[in-house]
1. For B:Glu67 and B:Thr43, what is the calculated FRET efficiency with R₀ set at 30 Å and r taken between the beta-carbons, to the nearest 0.05?
2. Rounded, prolate or oblate, given the Cα gyration tensor of the protein assembly as shown, with a/c below 1.5 counting as rounded?
3. Among A:Leu92, A:Thr55, A:Leu105, whose Cα lies farthest out toward the positive end of the dipole of the protein assembly as shown, if unit charges sit on the beta carbon of Lys, Arg (+1) and Asp, Glu (-1)?
4. Can you tell me the orientation of helix A:56-79 relative to chain A, as the angle in degrees between its alpha-carbon axis and the longest Cα principal axis, to the nearest 10?
5. Please average, across the residues of A:35-45, the number of beta carbons from any other chain that are within 10 Å of each residue's own beta carbon, and give a whole number.
6. Can you grab the distance from the C-alpha centre of region B:1-51 to the C-alpha centre of region A:5-66, Å, no decimals?
7. Hey, what angle do you get for helix A:81-95 against the long axis of chain A, alpha-carbon based, 0 to 90 degrees rounded to 10?
8. Could you list the trypsin sites (Lys or Arg not before Pro) in region B:17-48 that lie in coil according to DSSP, counting only those with at most 14 other Cβ atoms within 10 Å of their Cβ?
Amino acid sequence: MSEPIQITFDEGLYPKDAIYGAAYVLIDRCYVHLDRTGENRITVKLQPKPGVSITPEQAIGEFQNEALGQAWRRQILDENRALIEMISSRALGGAAGPPGLDDLLALETSEDTAFDDPLGIAMSWEEKYKKKSNETPPEGSNKEEP
Amino acid sequence: MIEKRFHPDLYDREAVDAAVRVYDAFGTIELEAAAEAILVRVTAKAGVDEQRLADELANYALGTTIESRKLTTGGGAS
């Protein structure tokens, strides 16, 4: 079995979760051991398992690439977290469907909770266009029936 | 005898305990938990590769740690 090889990562550049992710990818082919060797520094020791056709140098290279990819994906996720949450919540809200009759009946609609309606949109047609009692009808248009 | 050191910030105590339970049948495994490290001393039974036993135990502890943290934090490793 080949000798183990180790590499140290700065946690400022490679978050712990990125190192975990890279370790998880290689754990079936290598023995992986993590340790802290200083402030914000994680040392990874890798040794290919017996019978696996990967050299320690290849394992380290793959680990570095994977850690970088994991860190980058994590950064993208953090930058777009608000957008993802908004889309998810809208999708879930839409999946719930329109409110049912019970939901509408349960709505509290009183003078206090009713919305303002300055344009009279919520008024009925009859209420909005009803004739005023003192309005004088145009000449010849309102002849009384005999 | 081989001694493995697990930093408590990187390895869950429960994961190391689970690894010890799994590989206990292959040798004598002592576990000592301190504030700065969890120490595991592995002595393999006759016919068992001691280094391999210690490495497999460490891998199991790491894999279990990652899986449990992935579940609790909802992200990270993939």
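1. My answer for the efficiency is 0.60.
2. It comes out prolate by the Cα gyration axes.
3. Value: A:Thr55.
4. The angle comes out at about 20 degrees.
5. 2
6. Answer, in whole Å: 20.
7. In chain A, helix A:81-95 runs at an angle near 50 degrees to the longest axis.
8. B:Lys45
Only the coordinates and a few stated rules stand behind these numbers; no lab work does. As the structure is a prediction and not an experimental result, all values here were calculated from the model. No Cβ is skipped: glycine too gets one built from the backbone with ideal geometry, and neighbour counts run over all protein chains shown.
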